[in-house]
Amino acid sequence: MNAPTILGTHAPVLGRAADFPILSRPVQGRRLVYLDNGATTQKPIQVIEAERQFYEQSNANIHRGVHWLSQHATDLYEQGRERVRSLLNAARHEEIVFTRGTTEAINLVAFSWGLSALKQGDEIILTGMEHHSNIVPWQLLCERTGAVLRVVPVTDSGELDMDSYRALLGSRTRLVGVTHISNALGTINPVAEMIRLAHEVGAKVLVDGAQAVAHEVVDVQALDCDFYAFSGHKLYGPTGIGALYARYDILKDMQPWQGGGDMIHTVSFERSTYADVPQRFEAGTPNIAGVVGLDAAIRYVQEIGLDVIAAYEQSLLSIATAQLEQLPGIRLIGTAAHKAGILSFVVDGIHPHDLGTILDMEGVAIRAGHHCAMPLMTRFGIPGTARASFALYNTQEDIDALIAGLRKAQKLFGTGPQDD
Ligand code: PLP
């Protein structure tokens with residue numbers, strides 16, 4: 001096979017798999033080859049230890065206690081907010097609201113900003129490659145406000161049709177919701193350009209960064225976006241924690257969407273007043289240990305360098321793409337010029353779920369299905385794809401195992417070359 005190989009230029013990333021304890025456990029009696037990173041990433045020992053240490057040494061509720069431990073836990077929580085600010089290069093830490101993840105962050109924008117900003121006839125532009133979590137909240141909002149959805153079509157190569165986007169933008173557009181990187185195709189969308197165009201018509205832009213923050217440098221000030229959402233668990237951090245970035249001048253005027261402790265200034269039975277941002281949007285006891293784990297995860301990727309990680313994953317992508325293209329009967333879904341380390345494909349004569357099951361028996365974990373992007377699957381006329389998605393700990397060996405598993409599946413189904 002003449003495909004390119006990974007050379008020693010990626011020294012800061014190579015060998016990092018040793019930091020991830022789960023990668024040394026066998027699965028189905030085989031070495032685990034984890035290629036389902038688009039769904040969730042594995043956690044380095046630094047993150048696992050940070051959470052354990054929090055419960056061992058620092059656990060208390062935050063913001064409300066006068067005792068030392070509560071102050072200490074509060075400091076760790078707020079340090080986590082500062083870490084997220086630095087990850088996204090936000091101008092101020094007040095612009096970071098902790099949420100359960102991307103989904104909750106988008107719902108927050110829909111039901112806080114959206115409910116008061118939108119009215120009958122207003123338009124929300126989404127793209128044809130959005131994850132369900134950047135579709136359904138806006139549909140719910142449209143039902144309540146009478147606003148309508150418009151959708152940017154996706155080309156055969158899995159890119160956004162920018163001419164259609166320009167044509168859709170207009171005086172009725174209030175919001176554009178776009179994924180930074182498509183979880184189902186790997187396409188890196190031209191979000192900076194889309195934001196610039198949306199701002200020309202006075203619309204706000206929400207970027208779904210779920211697939212981006214672990215795979216490239218994100219700078220919300222350079223992008224000039226209004227909202228940016230991400231999940232910690234796709235960034236080597238814990239589940240159940242994520243964040244919303246919202247520009248201060250927008251966030252400070254947004255109304256609460258959930259009520260409870262910690263988000264108030266005063267409460268009486270006649271009327272309550274609300275805390276300043278971001279606390280106004282963090283009702284109840286938050287996921288404090290999750291923030292501590294997320295902080296550790298961000299420190300982990302910052303220490304390696306997100307630019308270094310991005311370059312390494314680009315190498316994995318080009319090697320895997322070259323090798324996949326040499327297999328007969330395989331069609332890549334998503335061949336955009338700018339892609340992140342996600343390979344979606346269909347194999348002649350084998351359902352993606354069967355493929356996933358056969359690969360699993362080889363210890364290779366991929367995802368098979370619609371990837372929570374049903375409209376996109378409909379666009380391509382397929383029920384789903386098989387998806388291999390890379391992270392910093394994946395190696396050439398992992399790609400070899402994927403290719404060997406695919407060959408085996410084709411042999412079993414009698415659809416590929418039978419002689420090797
Ligand atoms: N947006 C994209 C592009 C995703 O890939 C995902 C998760 O797969 C989400 C949103 C939802 O993320 P979460 O389930 O962590 O809220």
(message) Test of understanding: what is the full-extension gain from THR266 to HIS72, defined as 0.36 nm times their sequence separation minus their Cα-Cα distance?
(response) 67.4 nm
(message) What percent of all Cα-Cα pairs in the stretch 48-170 falls into each 5 Å bin, going from 0 up to the bin containing the maximum distance?
(response) 2, 9, 13, 13, 14, 14, 11, 8, 7, 6, 3, 1
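Please identify every one of the GluC sites (Glu not before Pro) in the stretch 244-311 that sits in a loop by DSSP and has no more than 15 other beta carbons within 10 Å of its own beta carbon. Could the numbers behind the result be given before it?
Working: sites: GLU270, GLU282, GLU303; in loops: GLU270, GLU282.
Answer by residue number: GLU270.
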(request) Convert 25 °C to kelvin, take the viscosity as 0.890 mPa s, use the Kirkwood radius over C-alpha pairs of the stretch 188-267 as Rh, and evaluate the Stokes-Einstein diffusion coefficient in µm²/s, rounded to a whole number. (result) 170
(message) Based only on other Cβ atoms within 10 Å, what is the fewest-to-most ordering of HIS72, HIS215, HIS265?
(response) HIS265, HIS72, HIS215
(request) Compute the longest continuous run of the chain that contains no exposed trypsin sites (Lys or Arg not before Pro); treat a site as exposed when its DSSP state is not H, G, I, E or B and it has at most 10 other Cβ atoms within 10 Å. (result) 120-270
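Summing +1 for each Lys or Arg and -1 for each Asp or Glu, what net charge is found among the other residues whose Cβ lies under 9 Å from the Cβ of ALA401? Before the final figure, lay out each step's value.
Values: positive: ARG30, ARG31; negative: GLU362, GLU397, ASP398, ASP400.
Net of charged neighbours comes to -2.
Just add up the charged neighbours of ALA373: K/R +1, D/E -1, any other residue whose Cβ is under 14 Å from the Cβ of ALA373.
Details: positive: ARG367, ARG379, ARG387; negative: GLU130, ASP208.
Net charge in that neighbourhood comes out at +1.
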(request) Could you tell me, in Å, what Rg and Dmax come out for the Cα atoms of the stretch 174-328? (result) 19.0, 71
(message) Using a 7 Å offset from Cα along Cα-Cβ at HIS351, what residues in the stretch 10-48 end up with backbone N under 11 Å from the label point?
(response) none
(message) Give me the mean projected area, in nm² to one decimal, of the convex hull enclosing the Cα positions of the stretch 48-302.
(response) 14.1
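Quick check on the chain: of the DSSP beta bridges with both residues there, what percent are antiparallel, nearest 5%? It would help to have the intermediate numbers written out before the result.
Values: 28 of 48 bridges.
If we restrict to bridges inside the chain, about 60 percent are antiparallel.
At R0 = 41 Å, how high is the FRET efficiency between SER318 and LEU412 if r is their beta carbon distance? Nearest 0.05 is fine. Walk me through the intermediate numbers first.
Numbers: r = 28 Å, r/R0 = 0.69.
According to the calculation, E is roughly 0.90.
Counting pairs of alpha carbon atoms under 8 Å apart in space and at least six apart in sequence, what relative contact order in percent does the chain give?
On the way: 826 pairs, mean separation 97.0, N = 420.
Relative CO of the chain lands at 23 percent.
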(request) List the DSSP H helices in the chain whose Cα atoms stretch 24 Å or more along the helix axis and whose mean Kyte-Doolittle hydropathy is at least 0.5. (result) 288-304, 306-325
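Whole number please: convex hull volume per residue, Cα atoms of the stretch 261-336, in Å³.
203
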(message) Can you list residues from other chains, or at least 5 along the same chain, whose modelled amide H is less than 5 Å from the amide H of ALA212?
(response) ILE181
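Given contacts defined as C-alpha pairs under 8 Å and at least six residues apart, what's the relative contact order of the stretch 239-293, whole-number percent? The partial results should precede the final answer.
Values: 51 pairs, mean separation 20.8, N = 55.
For the stretch 239-293, the relative contact order is 38 percent.
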(request) Please report how far the C-alpha centroid of the stretch 196-258 lies from that of the stretch 335-401, rounded to the nearest whole angstrom. (result) 27
(request) May I ask for the distance between the Cα centers of the stretch 125-167 and the stretch 46-94, given as a whole number of Å? (result) 36
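For every helix of n ≥ 4 consecutive DSSP H residues, a contribution of -39,500 (n - 2.57) applies; sum these over the chain, divide by its total residues, and give [θ] at 222 nm rounded to the nearest 500 deg cm²/dmol.
Numbers: 13 runs with 144 residues, N = 420.
Calculated from helices alone, the mean residue ellipticity at 222 nm is -10500 deg cm²/dmol.
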(request) In nm, give the distance between the simple-model label positions of LEU149 and LEU327, each being 7 Å from the Cα along the Cα-to-Cβ direction. (result) 3.2
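What is the calculated FRET efficiency for ILE250 to GLU193, with r their C-beta to C-beta distance and R₀ = 22 Å, to the nearest 0.05?
Details: r = 21 Å, r/R0 = 0.95.
About 0.55, to the nearest 0.05.
Read the figures in this text as sums done on the coordinates, not as results from a lab. Given the structure is predicted, the values throughout are model-derived calculations rather than measurements. Here Cβ is always computed from backbone atoms with ideal geometry, including for glycine, and neighbour counts include all displayed protein chains.
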